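Every read-out reported here was derived from the displayed coordinates using simple, explicitly stated rules and does not represent laboratory data. Note that this is a predicted model, so its numbers are computed, not measured. Cβ atoms come from the backbone with ideal geometry, glycine included; neighbour counts cover every protein chain shown.
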Amino acid sequence: MRVKAPLVHCLTGAVSAPFVADGLLAAGARPLMTATIGEAPTLVRGADALLVNLAALGEETAAAILPTVAAARDGGRPWVLDPAVVGPTPVRTPLARNLVRHHPGAIRGNASEIRALAGADGGARGADTTCSSRAVIDDAARLAHDARCVVVVSGELDVITDGHRVIGSTGGDARLTQVTGTGCLLSALVTAFITVATPLDAALTAVALMSSAAEDAARKSAGPGSFKVELLDALDRIGPTHLEVSTRWCSG
């Protein structure tokens, strides 16, 4: 991925956009953040992949999503869905379920979001999950099977499934939950890696990189502010050999 330095077009919320852009750059990719109906469907044709993140969804971004996804698919670009705040919201939820029918290569969300997208009551409170990733493994596997994509559920145990295999990662650090946009960044990393690998391998690599970077950042930081800075530095510093040594997987 770092050799290719893919251009990742992100339709995402303004709250997390700067952090997502910085994180992509630190990991070796390049961000493009245009989310307007007038330009996004055109600019995505020059990108290598598309991320659709429903966080902080505004009217203009909402209008741009489906045409941009269509343009990406027409151009053979892979795309990833982050169904942020899906479940308790009357606009995002039907939009996200419609987007699933447009064949994303991967879907990344928290447990409540994935359960809601699978058709059950996720019980979310805003952007926060009210259930664990372990509790929604069956929902995630069913969603992955039905949508024919890879599903990543973030949590204390990160769950990755293609509908047949279920793989868990026990790495990371609790301070990831104290910095806005870390989930959004993970979705962007999946999108970057999907330009050079299968969706399953892209998801596994993104989770491994984010988890290892978080553990490294936690050792060097004193609180959420310094953790955020150290996380970006770790994303730049960590290489494949470190991931092979540090990543802990469990299969089911």
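Net length available on complete extension from T180 to A62 is 40.4 nm, with 0.36 nm assigned per residue and the Cα-Cα distance removed.
Kirkwood radius for segment 58-123, taken over all pairs of different Cα atoms as the inverse mean of 1/r, rounds to 12.3 Å. Net length available on complete extension from R165 to K220 is 16.3 nm, with 0.36 nm assigned per residue and the Cα-Cα distance removed.
Remark: spin-label model distance D201-D236 equals 2.8 nm, labels positioned 7 Å along the Cα→Cβ axis.
What is the Rg over Rh value, at two decimals, for the chain, using alpha-carbon atoms and the Kirkwood definition of Rh? Please list the in-between numbers first.
Numbers: Rg = 16.4 Å, Rh = 17.6 Å.
Radius of gyration over Kirkwood radius for the chain works out to 0.93.
With neighbours defined as other Cβ atoms within 10 Å of a residue's Cβ, the residues T191, T180, T12, T42 order from fewest to most as T42, T180, T12, T191.
Within the chain, which is the longest segment that contains none of the GluC sites (Glu not before Pro) sitting in a DSSP loop with at most 14 other Cβ atoms within 10 Å? That gives 40-155 as the longest site-free run. Lys and Arg at +1, Asp and Glu at -1: add these up for the other residues within a Cβ distance under 15 Å of G223 and post the number. In short, +2.
Find out how many positive minus negative residues lie around R108, taking Lys and Arg as positive, Asp and Glu as negative, among other residues whose Cβ is under 13 Å from that of R108. Here the charged neighbours net out to -3.
How high is the FRET efficiency from S132 to C250, r the C-beta distance, R0 22 Å, rounded to 0.05?
Details: r = 15 Å, r/R0 = 0.67.
For S132 and C250, the calculated efficiency is 0.90.
Largest GNM mean-square fluctuation among P41, P240, P83, using the chain with Cα springs under 10 Å: P240.
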